[in-house]
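The values are calculated or read from the model by the stated rules, or taken from the named source; none is laboratory data. These numbers come from a predicted model, not from an experiment. Reconstructed Cβ throughout: ideal geometry from the backbone, glycine too, with neighbour counts over all protein chains shown.
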Amino acid sequence: MSYYPIHTIPDYFLLDDLLTEEHKLIRQSVREWVNSFIMPQIDDAAQHHKEIPNLMKELGSIGALGPYIPEEYGGAGLDQISYGLIMQELERGDSAVRSAASVQSSLVMFPIYEFGSEEQKRKYLPKLASGEMIGSFGLTEPNHGSDPGSMETHFKDMGDHFLLNGAKMWITNAPLCDIAVVWAKGEDGKVRGLIVERGMDGFTTPETINKWSLRASKTGELVFRDVKIPKENILPNVTGLKGPLSCLNSARYGISWGVIGAAIDCYCTALQYSKERIQFGKPIASFQLQQKKLAEFLTEITKAQLLSWRLGVLKNAHKATPVQISMAKRNNVKMAIDIARESRQILGGMGIMGEFPMMRHAANLESVITYEGTHDVHLLITGNDITGINAF
Ligand code: TGC
Ligand code: FAD
């Protein structure tokens, strides 16, 4: 259970009036699942750098994998607001949990659904939706992070198969994955998506150890040494960097909602603690300096909620642009990391302890502010949009 009562989760601008009954039911069921399944074990998993047992199957069972993928492929056929609300609730538990769901949904299921053949959709999507199969997404390389267009991973057409060589780095769920959607250049220098399956000769997934962030999530490399890829494993319907970048639009949108959950967990914990902790004969909530922090947290959370909700409405109408998504990802992640850091101070020394979530969220958000486009890269995307001048 969470340290604070669930009814203290804020809805200051009555956003619930803008949600359907279905949205609220979905949010409630994920909220309860996070409280009963994630909260009791997340500190242990993060402290000991281990994954949450059975996480993917559990996420599949609550409909959190590919929520917006149509039901005929195993998804839940929900809208984008539902997807956002699910991400918010999962990240209230931990960014590692939201990461698992967003990689599987937006970075693995989405490209297979959007760019895959009918056979690929039928073969992979239902198993990914149930969590029976775990996917990863390989774009970043040791020498190319913010600039994925310069990637070195490449494949050659050998007649009856492709031969893949190269390496991807910082890949969420690499050590656990059954398949990887890998972006690589063909002999014409154009980026294509390939589905690589565990067990293919020459494909290995070493784990990245000693992280201080996202410790309940497995990160690793995808290494390809002369891996023979059957021709039917190429994603037939996309060529160029817009393929992987379209997946990022979906994942970044989910992150804009997710981090609100992390901020809410910190805010609600700090509010509750500040009313219980007595110093100078009074609850610390009675001091103006503490009230200022709490009031600012709530203001920033409320602004972020409205931004993501509006983005969800635009997404449902197929009107959301990549630059709007960049702005929301950047703004909301910064909001959340600032709240995690400041709210920790409200707990004094207790704020550094595992019983409370602030240090864990703050450390996790150091990854979230870097992955899916760094804080500065998203600023440059906005700068480019408003000036027409590319500053990369
Ligand atoms: P640029 O020349 O601007 O664009 C190349 C082509 O791509 C198109 N495009 C997009 N299409 C869809 N959505 C977007 N957001 C798009 N942005 C660009 C563009 O129109 C063009 O198309 P075409 O048809 O003309 O070829 O590309 P650039 O090389 O200058 O780079 C632009 C830049 C820097 C914005 C981009 O590369 C970028 O976003 N860099 C950040 C990299 C990044 O976000 N990596 C994320 C890796 S995955 C990850 O972190 C997962 S963490 C998961 C978890 O655990 O939750
Ligand atoms: P770099 O690109 O080397 O950037 C270093 C610094 O330089 C940053 O501050 C950046 O903002 C700045 N910078 C770069 N270019 C410019 C410029 N033109 N102007 C000004 N400043 C600039 N990737 C995947 O493909 N799949 C995954 O599943 C995945 N999961 C991840 C999980 C974790 C825990 C982490 C930490 C990362 C993950 N990533 C994943 C990789 C992530 O997307 C990259 O780390 C990120 O895109 C940044 O790349 P980089 O680390 O190489 O930093």
**Message:** List pairs: first residue in segment 183-202 and surrounded by fewer than 14 Cβ atoms within 10 Å (Cβ to Cβ), second residue outside any strand (DSSP E or B) and small (Gly, Ala, Ser) anywhere in the structure, Cβ distance under 9 angstrom, at least six positions apart or on different chains.
**Reply:** 190/240
**Request:** Six or more apart or on different chains, Cβ under 7 Å: which pairs go from a residue in segment 209-233 that's touching a residue at least 24 places away in the same chain (Cβ under 8 Å) and at positive phi to one that's among the polar types (S, T, N, Q) and not in a loop (DSSP other than H, G, I, E, B)? Could you list them?
**Result:** 214/95; 214/99; 214/364; 214/367; 226/165
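The rows are residues; the columns are (1) of a type in the set (Val, Ile, Thr); (2) at pLDDT 95 or above; (3) touching a His at 6+ places or on another chain (Cβ under 7 Å).
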site	(1), (2), (3)
138	no, yes, no
151	no, yes, yes
154	no, yes, no
157	no, yes, no
164	no, yes, no
170	no, yes, no
182	yes, yes, no
185	no, yes, yes
188	no, yes, no
**Asked** Of these, 229, 234, 209, which one is over 15 Å from residue 161 (Cα atoms) and either more than 16 Å from ligand 1 (Cβ to nearest atom) or out of contact with any strand residue (DSSP E or B) (no Cβ under 9 Å at 6 or more places or on another chain) (or both)?
**Response** 209
**Request:** Determine whether segment 244-255 contains at least one residue that is of a type in the set (Ser, Thr, Tyr), within 16 Å of residue 116 (Cβ to Cβ) and within 16 Å of ligand 1 (Cβ to nearest atom).
**Result:** yes
**Message:** Condition check: at positive phi, part of a loop (DSSP other than H, G, I, E, B) and within 16 Å of ligand 1 (Cβ to nearest atom). Does residue 189 satisfy that?
**Reply:** yes
**Item:** Selection count where residues are buried (at least 21 other Cβ atoms within 10 Å of the Cβ), within 18 Å of the chain's Cα centre (by Cα) and over 15 Å from residue 250 (Cα atoms), scope segment 62-74
**Value:** 1
**Item:** Residue list for segment 203-227, restricted to those being in contact with a helix residue (DSSP H, G or I) (Cβ under 8 Å, 6 or more places away or on another chain), more than 9 Å from ligand 2 (Cβ to nearest atom) and not in a strand (DSSP E or B)
**Value:** 205, 206, 212, 215, 216, 218
**Fill in**
Selection over segment 137-162 where residues are away from ligand 1 (no atom under 15 Å from the Cβ) and either crowded, with 16+ Cβ neighbours inside 10 Å or basic (Lys, Arg) (or both) yields a count of 5
**Asked** Is segment 366-380 home to any residue that is more than 13 Å from ligand 2 (Cβ to nearest atom), surrounded by fewer than 18 Cβ atoms within 10 Å (Cβ to Cβ), free of Cβ contacts under 8 Å to residues at least 60 places away in the same chain and of a type in the set (Ser, Thr, Tyr)?
**Response** no
**Request:** Please tell me if residue 288 is in contact with a Leu (Cβ under 8 Å, 6 or more places away or on another chain), at pLDDT 95 or above and more than 15 Å from residue 261 (Cα to Cα).
**Result:** no
**Asked** Taking the condition without any contact (Cβ under 8 Å) to a residue 40 or more places away in the chain and out of contact with any strand residue (DSSP E or B) (no Cβ under 9 Å at 6 or more places or on another chain), does residue 159 pass?
**Response** yes
**Residue that is nearest to residue 42 (Cα to Cα), among those in segment 1-15 that are in contact (Cβ under 8 Å) with a residue 24 or more places away in the chain and part of a helix (DSSP H, G or I)** = 6
